[in-house]
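One structure is given here, and the rest of the page talks about it.
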Amino acid sequence: MFKFHILILISFSLFLGCSEEAPILFQDEELFVDFTIPAGLNTVETHTFTLQNVKTNFLKQCQIHGVDPENIREVFSIYGSFEGKFAAIDYSALSRVQIFARSVKDGTLKAEMYYHEMIGLNNITQLKLLSSGTNLYDIFKDDDIVLEIKLNFKSFLVTNSVTRFKFGYAVR
């Protein structure tokens with residue numbers, strides 16, 4: 001009888017835990033920014049690349065899709081990757097990637113957008129990043145953001161690497 005009550009309790013909690021998510025109003029995954037990773041960065045420190053005034057087209061996309069920015073509940077990252085701009089880059093030299101978005105107007109508003117840890121040896125031409133699921137609305141409500149790209153290396157890069165960071169977001 002005790003097992004039956006436990007089973008009923010678990011089933012009931014699972015049923016209540018399932019909530020309906022708001023539909024995605026629109027998404028934009030055509031954004032990119034280029035930056036250069038210099039050769040010879042050491043494997044001890046975390047190297048930070050700060051990219052100022054990165055366009056998100058957030059307000060323009062709201063206008064195109066007929067969405068009032070005040071009615072938006074959530075903005076979250078959906079797709080992120082590193083690719084070589086001019087040639088293939090061996091991203092297996094990286095051990096950890098973290099990308100943060102920061103507000104241009106209020107520097108205290110900062111949230112993680114993407115990450116990737118324990119990067120394998122098969123990331124020769126593209127490195128797909130994992131979305132962190134953080135709500136980015138307060139940062140994205142302005143059209144420009146600041147991106148902080150933090151990289152850790154497990155081996156040295158031999159040449160300068162011009163990298164294209166492609167990313168996108170969805171709106172609920």
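The values are calculated or read from the model by the stated rules, or taken from the named source; none is laboratory data. Computed from a prediction, not measured in an experiment: that's the story for all the values here. In this analysis, Cβ positions are derived from the backbone assuming ideal geometry, glycine residues included, and neighbour counts consider all displayed protein chains. Surface areas here come from the heavy atoms of the whole protein model, side chains and all, with no ligands, DNA or RNA. Shrake-Rupley method; radii C 1.70, N 1.55, O 1.52, S 1.80 Å.
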Legend entry - the chain, helix-only ellipticity at 222 nm - DSSP H runs n ≥ 4, -39,500 (n - 2.57), divided by all residues, nearest 500: -4500 deg cm²/dmol
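Summarise the accessible area of the chain (1.4 Å probe, protein heavy atoms) by the percent that is carbon and sulfur.
55 percent
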Legend entry - HN-Hα J in Hz across segment 24-40 - Karplus 6.51, -1.76, 1.60, θ = phi - 60°, x for Gly and Pro: 6, 7, 6, 9, 10, 10, 10, 8, 7, 8, 9, 8, 10, 9, x, 6, x
Inset, instruction - At 7 Å along the Cα-to-beta-carbon direction for both residue 104 and residue 85, put a label point, then send me their distance in nm to one decimal. - result: 1.9 nm
Legend entry - Label of the coordinate-derived value, log10 I(q)/I(0) by the Debye sum over Cα atoms at q = 0.12, 0.15, 0.19 Å⁻¹, listed as [x] -0.63, -0.85, -1.17; [y] -0.54, -0.86, -1.36; [z] -0.46, -0.74, -1.24: [x]
Legend entry - GNM result for the chain, Cα springs below 10 Å: residue of 156, 76, 58 fluctuating most strongly: 156
Legend entry - Cα long-axis angle, helix 2-17 against the chain (0 to 90 degrees, to the nearest 10): 60 degrees
Inset, instruction - With a 1.4 Å probe and every protein chain left in place, tell me how much accessible area residue 32 has, in Å² to the nearest 10. - result: 110 Å²
Inset, instruction - Return the lysines within reach of residue 141: Cα separation strictly under 23 angstrom, same-chain partners fewer than 8 residues apart disregarded; answer none if there are no such residues. - result: 55, 60, 105, 110, 166
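Using the heavy atoms of the protein chains and a 1.4 angstrom probe, tell me the accessible area per residue for the chain in square angstrom.
59 Å²
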Legend entry - Within the chain, longest stretch clear of exposed GluC sites (Glu not before Pro) (DSSP loop, no more than 15 other Cβ within 10 Å): 46-172
Legend entry - Residues with amide H under 5 Å from that of residue 109, placed H, sequence gap 5 or more: 103
